[in-house]
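This report refers to the structure that appears directly beneath it.
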Amino acid sequence: METCVFCKIIQGEIPSSKVYEDDNILAFLDINPVNHGHVLVIPKEHHPKLEETPDNVVADIFVQSKKLMQGIKQALKADYVSVSVVGTEVPHLHIHLIPRWFDDGLAGFWPTRKYKETKEMKEMADKIKNAL
Ligand code: AMP
């Protein structure tokens, strides 16, 4: 995709701090990290949305993410690594791997809401279940 910032990183048109690369996958540091060492893992094929990405590509990036998590944890002596697929900014599938320390001061990752009552929560679960 000509206008995709992550495709430009893959093509070498935009610089990146690479931590891993193979024929199908690239991993590099997020330019605005939640914590230092925040890595993005992307497939080299341009797929905008996880839910529309072929299973083999999804499997590939998650298996590689697992290996990268082990490396991040070891290299940075992180207590654990958070994994998320956010996708609010760049429409090229990517996995965020964020090193976390128990004392890093990040209480929660994003703002949360409450369900008014258990019934409302059950109805929501049923709604999704019925669509599967
Ligand atoms: P999101 O699409 O919400 O998952 O967020 C996209 C992520 O990509 C953000 O965390 C940005 O900081 C990161 N990002 C955007 N452009 C670059 C870039 N040129 N190099 C590294 N990270 C980037």
How many of the residues in the range 1-32 are open to solvent by 60 Å² or more (accessible area, probe 1.4 Å), within 17 Å of Ile61 (Cα to Cα), within 11 Å of the ligand (Cβ to nearest atom) and not basic (Lys, Arg)?
1
Somewhere in the range 59-75, is a residue under 22 Å from Gly108 (Cα atoms), within 15 Å of the ligand (Cβ to nearest atom), over 13 Å from the mean Cα position of the chain (by Cα) and open to solvent by 50 Å² or more (accessible area, probe 1.4 Å)?
no
Could we say that Ile128 is closer than 18 Å to Ile10 by Cα, among the aliphatic types (A, V, I, L, M) and not in a strand (DSSP E or B) here?
no
Can you work out which of the residues in the range 33-47 that are over 13 Å from the mean Cα position of the chain (by Cα) and open to solvent by 60 Å² or more (accessible area, probe 1.4 Å) is nearest to the ligand (Cβ to nearest atom)?
His36
What pairs come out if I take residues in the range 24-47 that are modelled with pLDDT of 95 or more and pair them with residues that are within 13 Å of the ligand (Cβ to nearest atom) and of a type in the set (Gly, Ala, Ser) whose C-beta lies under 7 Å away, six or more apart or interchain?
Phe28/Ser16; Phe28/Ser17; Leu29/Ser17; Val39/Ala27; Leu40/Ala27; Val41/Ala27
Taking Ile61 as the residue in question, decide whether it is in contact with a Pro (Cβ under 7 Å, 6 or more places away or on another chain), under 19 Å from Asn24 (Cβ atoms), of a type outside the set (Lys, Arg) and not in a loop (DSSP other than H, G, I, E, B).
yes
All conditions in (1) away from the ligand (no atom under 14 Å from the Cβ); (2) closer than 28 Å to Gly108 by Cα; (3) in a helix (DSSP H, G or I); (4) of a type in the set (A, V, I, L, M) are true of Val81 except (3)
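For every residue, the table says whether it meets (1) of a type outside the set (Val, Ile, Thr); (2) at pLDDT 90 or above; (3) surrounded by 10 or more Cβ atoms within 10 Å (Cβ to Cβ); (4) within 16 Å of the ligand (Cβ to nearest atom).
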site	(1), (2), (3), (4)
Val85	no, yes, yes, yes
Val90	no, yes, yes, yes
His94	yes, yes, yes, yes
Leu106	yes, no, yes, yes
Pro111	yes, no, no, yes
Thr118	no, yes, no, no
Glu123	yes, yes, yes, no
Asp126	yes, yes, yes, no
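The values are calculated or read from the model by the stated rules, or taken from the named source; none is laboratory data. Remember, predicted model here, so these are calculated numbers, not experimental data. Glycine also receives a Cβ, built like all others from the backbone with ideal geometry; neighbour counts cover every protein chain displayed. Please note that ligands, DNA and RNA were not included when accessible areas were found on the heavy atoms of the full protein model with its side chains. Shrake-Rupley method; radii C 1.70, N 1.55, O 1.52, S 1.80 Å.
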